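The values are calculated or read from the model by the stated rules, or taken from the named source; none is laboratory data. On a predicted model such as this, the values are computed, not experimentally measured, just so you know. Here Cβ is always computed from backbone atoms with ideal geometry, including for glycine, and neighbour counts include all displayed protein chains.
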Amino acid sequence: MSLVSHLYFGQLGEWCEDRMTGSLAMAQRVAEATRGTEKVRPAGRVTRRHWSQTDRAFSIRMSSLVQPAPPYSALYGLVRVGLVSRDWAHRQAGLYPTHIHLKETDRSHALDLRPTVSGWLDLESEHSVQRYLRSDGSPLYGSFTDVSVEPMLSDLFNRIRAYFGMHAPLGQVGAEKGLVRLCWLLAKLEYIFRNEVTNDPVYRMFSDGKPTVEQLYAAADEASVNELVELVRLLHSSGSLNEMRTLAGNPPLGRPWGIARPVFNSYWADHDLLIGGQDGTTLVDVNSVSKTNNSTRSRRWIWRLLCCAWLDSEDAYRIRNVAMYFSRYGSLVTWPVEELALELFEGEDPEDTRHEFLGLVQQLREEDRRARPREA
């Protein structure tokens, strides 16, 4: 189980509910931050899956504004279902600007390496992509028996890297219609990583045959593309992009603003992005929900942010603030970590409560390891 699963369905959520007695007041502040603000809506009636797909796609676009990193979860997804080999995924990750200057020995497992503020986090021993494969390299969870689409997918990812390199300047709005279409596709591959997807249209394109790059590029419907473009425009017009630039320390043109898709506790948890550098970062939750007045959901968003900040026990990411960006409202809500902890625990010593939290995490992780199924 991941951090999110434990927060939503497990003992950790119960602990947060019991101990973070100031959660309701903080959730009300979230609702107040967006109250009375016009929001970006879908063009028409949409399914529940549309909301989560838009959220993933916009999060990927936001990540690309901060750092030119591999789409880690999308690559994991392709390996998980057996469409590509582990080595193919490592090679693709090693071609991204963040990873391309790694030593050859490190690039051979590039997908398991994640940049931090001051170095690298190696997931190979704890949560390698190998976790989704049997010892012979075949997928544990996938239904595809060969990797014959690898050449087509290599062409696709080469084009994605080239397009982002030319049309997605760091920290700036770019050629958004093409960019968000690619983000939508990457979000579908990310969905494949985290879900059972036999009924998903993009998955069926592979199960029914061998799609072309052009067919995959055209998979996003125009209404979804236009909606994502509007979200990017609002990021700029609302002033939130400039707020994030300030949080990043006003980096010069072309310099990364932070870290895309940071992971915590050996990939037990991950989040959308970090903005900043050696002097301190802000952990940002990119959220594309339509309503922010559901206190149960809002409390869990806040808990997750604080939990991720506290999981960085070695201070690899220098997290000093946390934030939520509500993309449909163009609203950025930010808290210093220490102040948030004091508010949530209503004045209790943050170090004591963090120590208690980390002890519970260690217990839950040990239970998860014992319950993990062995290879068939």
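Going by the structure shown, is R261 under 30 Å from D122 (Cβ atoms) and charged (D, E, K, R)?
So R261 fits the description; yes.
Regarding L342, is this residue in a helix (DSSP H, G or I) and in contact with a Leu (Cβ under 9 Å, 6 or more places away or on another chain)?
no
Taking the range 311-360 only, how many residues are surrounded by 15 or more Cβ atoms within 10 Å (Cβ to Cβ) and under 21 Å from the mean Cα position of the chain (by Cα)?
23
Which ones in the range 136-149 are closer than 15 Å to Y203 by Cα and either in contact with a helix residue (DSSP H, G or I) (Cβ under 8 Å, 6 or more places away or on another chain) or among the hydrophobic types (A, V, I, L, M, F, W, C) (or both)?
Y141, G142, S143, F144, V147, V149
Hey, A248 hits all of (1) surrounded by 16 or more Cβ atoms within 10 Å (Cβ to Cβ); (2) of a type in the set (G, A, S); (3) under 22 Å from T54 (Cβ atoms) but one; which does it fall short on?
(3)
Quick test for you: out of T116, T198, T105, pick the one residue that is at pLDDT below 90, out of contact with any Gly (no Cβ under 6 Å at 6 or more places or on another chain) and at negative phi.
T198
Inside the range 121-145, can you point out the residues that are free of Cβ contacts under 8 Å to residues at least 12 places away in the same chain and closer than 20 Å to V197 by Cα?
R131
Looking at the range 1-119, what helices (runs of 4 or more DSSP H) fall wholly within it and have at least 3 residues that are over 24 Å from R354 (Cα atoms) and outside the structural domain of R370 (by TED's automatic domain parsing)?
Counting at least 3 such residues, we get 48-66, 72-80, 86-93, 104-107.
Looking only at the range 153-177, count every residue that is over 29 Å from G276 (Cβ atoms) and either buried (at least 17 other Cβ atoms within 10 Å of the Cβ) or among the acidic types (D, E) (or both) and tell me the total.
Within the range 153-177, residues that are over 29 Å from G276 (Cβ atoms) and either buried (at least 17 other Cβ atoms within 10 Å of the Cβ) or among the acidic types (D, E) (or both) number 3.
Scan the range 211-248 residue by residue and report those that are farther than 22 Å from Q67 by Cβ, in a helix (DSSP H, G or I) and among the polar types (S, T, N, Q).
Of everything in the range 211-248, those that are farther than 22 Å from Q67 by Cβ, in a helix (DSSP H, G or I) and among the polar types (S, T, N, Q) turn out to be Q215, S224, N226, S237.
Is there any pair with a first residue in the range 304-317 that is outside the structural domain of A269 (by TED's automatic domain parsing) and a second that is at pLDDT 95 or above whose Cβ atoms are under 7 Å apart and which are 6 or more apart or on different chains, and what are they?
From the range 304-317, no pairs qualify.
Quick check, is E196 out of contact with any helix residue (DSSP H, G or I) (no Cβ under 7 Å at 6 or more places or on another chain), part of a helix (DSSP H, G or I) and more than 17 Å from F58 (Cα to Cα)?
When the stated conditions are applied, E196 does not pass them.
Just wondering, is there one or more residues in the range 295-310 that are crowded, with 23+ Cβ neighbours inside 10 Å, outside any helix (DSSP H, G or I) and within 16 Å of the chain's Cα centre (by Cα)?
Checked the range 295-310: no residue is crowded, with 23+ Cβ neighbours inside 10 Å, outside any helix (DSSP H, G or I) and within 16 Å of the chain's Cα centre (by Cα).
For the range 221-277: of the residues being touching a Phe, Trp or Tyr at 6+ places or on another chain (Cβ under 9 Å) and among the hydroxyl-bearing types (S, T, Y), which is farthest from L111 (Cα to Cα)?
The extreme case among them is S238.
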